[in-house]
Each structure stands twice: as C-alpha cells, then as structure tokens.
1. Can you tell me which residue within region 43-58, out of those that are open to solvent by less than 40 Å² (accessible area, probe 1.4 Å) and part of a helix (DSSP H, G or I), is farthest from ASN10 (Cα to Cα)?
2. Within region 19-42, can you find the residues that are small (Gly, Ala, Ser) and assigned to a helix (DSSP H, G or I)?
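The values are calculated or read from the model by the stated rules, or taken from the named source; none is laboratory data. These numbers were taken from a predicted model, which means no experiment stands behind them. SASA here: full protein model, heavy atoms, side chains in, ligands and nucleic acids out. Shrake-Rupley method; radii C 1.70, N 1.55, O 1.52, S 1.80 Å.
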Amino acid sequence: TMSNYPGSSNRFGGLLREKRLAKGLTLRKFAEQLGVSPTYVSGVENGTLPPPTFDRIEAVSKLLEVPVDELMEHA
C-alpha cells in the first residue's frame, strides 16, 4: 500500500539494487534498458521514490530475470 511506502520502497529499492548488481548492470545501463532516467532508478533504490507501477515492475522482472511475485512482495 502507498500509505507505508517509505519502509516498503526501501525494501524494494534494496532488492532492486541487489538484483541489478547481480546481473552486472550499472545504474545507467539498467535505466537505459528500462527506458527511465538513472535519477529515477537511483531514487527508487534509495527509497526516496515509491516503488514503480506494476507495468514497470513487470519490465524490471524481465530485465533482471526475477519473478514478478518476488518483486511485488517488496513493492
């Protein structure tokens, strides 16, 4: 839920960073592949921005080869 997003987005952001680094993707490269700005990715990873929309989470799951369910659990 959005009401408690600071905690959940940090969990999501941490998971996102972990999975991105595991794939050997730089923040810039990942953002480029996702079609968003590196600033946006950084904000999500740092928890200053809420987790992305479901559509974008789907795209992230394909890019990082992580099950959508695993990402949604943290979003």
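1. ILE57
2. ALA22, ALA31, SER42
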